[in-house]
Amino acid sequence: MADVENPSRRPLKTRSAEWAVTLAKVLTTAGVTPNTISAFSVVAAGLGGLGFVAAGSGAIPGEGGWLAAAGCIQLRLICNLMDGMVAIEGGRKSATGDLWNEIPDRLADTVLLFCAGWAVGLPWVGAIAGWAAVMTAYLRVSGAALTGEHDFCGPFAKQQRMAALTVAALLSAAEPLWNGHGEVMRFAILLIAAGTLVTIVRRILRLAAKLKEAAP
């Protein structure tokens, strides 16, 4: 697979990891399409959301729900990595690939963040975090349309949001060790919501500065 540079792709060191290159080759050889991988990322996010809700409601032992959610978040991220690699390096990009690259991501973000908030009694914070995640992507795409450059700046871009959510889920699974009751995830979803709102403001300011620089 050729290493093809594309300014619309999030810079990721993982893309050059041996396991990622090998998995992308396997998927390409097997005929799995990038759009199918993108669709499966939503399935993974949905299962992760169910894990959060199940853990918060006590439908299953909390440890199992939190761990399942953490695993599904990582599966979602692997799908996000693989759809691009199969499309670009594997030469299987389709006419609708850009739609499939964006829309499932927004659904996955919203489901995971809302369900994480719901699990610990803060559905409104989860909803704000989900909305803010969609807005960061909107600003990135709008900025690219106006300047030709995608801005992936944080502090809470997608990778940072999902990393924080994964760590919080893993720590929540260990809460029985100190008789915790959702405090970790409450703090995490508040942090993610606040950090993503900061990211929105930062991207707006950076885009405005670029537009002013480009103005005659």
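Values for this structure:
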| item | result |
| --- | --- |
| Folded to 0 to 90 degrees: helix 123-147 orientation relative to the chain principal axis, Cα | 10 degrees |
| Tilt relative to the chain, helix 97-119 - C-alpha long axis, 0 to 90 degrees, to 10 | 20 degrees |
| Mean separation of Cα contacts under 8 Å, 6 or more apart, over the residue count of segment 13-214: relative contact order % | 22 percent |
| Separation of alpha-carbon centers, segment 185-216 and segment 75-97, rounded to whole Å | 27 Å |
| Cα gyration tensor shape of segment 76-127, rounded if a/c is under 1.5, else prolate or oblate by comparing a/b with b/c | prolate |
| Environment charge at TRP100 (Cβ cut-off 11 Å; Lys +1, Arg +1, Asp -1, Glu -1) | -3 |
| Residue order, fewest to most beta carbons within 10 Å, for ILE200, ILE60 | ILE60, ILE200 |
| C-alpha long axis of helix 62-87 to longest principal axis of the chain, angle in ° | 10 degrees |
| Gyration tensor verdict on segment 116-216 (Cα atoms; rounded if a/c is under 1.5, prolate if a/b is larger than b/c, oblate otherwise) | prolate |
| Proximal lysines relative to LYS158, as straight alpha-carbon distance under 24 Å, when same-chain residues fewer than 8 apart are discounted | LYS13, LYS93, LYS210 |
| Percentage relative contact order, segment 13-88, counting C-alpha pairs under 8 Å, at least six apart | 42 percent |
| Phi to ³J(HN,Hα) by Karplus 6.51 cos²θ - 1.76 cosθ + 1.60 over segment 36-46, Hz, x for Gly, Pro | 5, 5, 4, 5, 5, 4, 6, 4, 4, 5, x |
| Test item: Cα-centred dipole of segment 96-198, Lys/Arg +1 and Asp/Glu -1 on Cβ, debye | 160 debye |
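Since every read-out is calculated from the coordinates, none of them should be taken as a lab result. The model shown is predicted, which means the values in this text are computed figures rather than measured ones. So basically every Cβ, Gly included, is an ideal-geometry build from the backbone, and we count neighbours across all protein chains shown.
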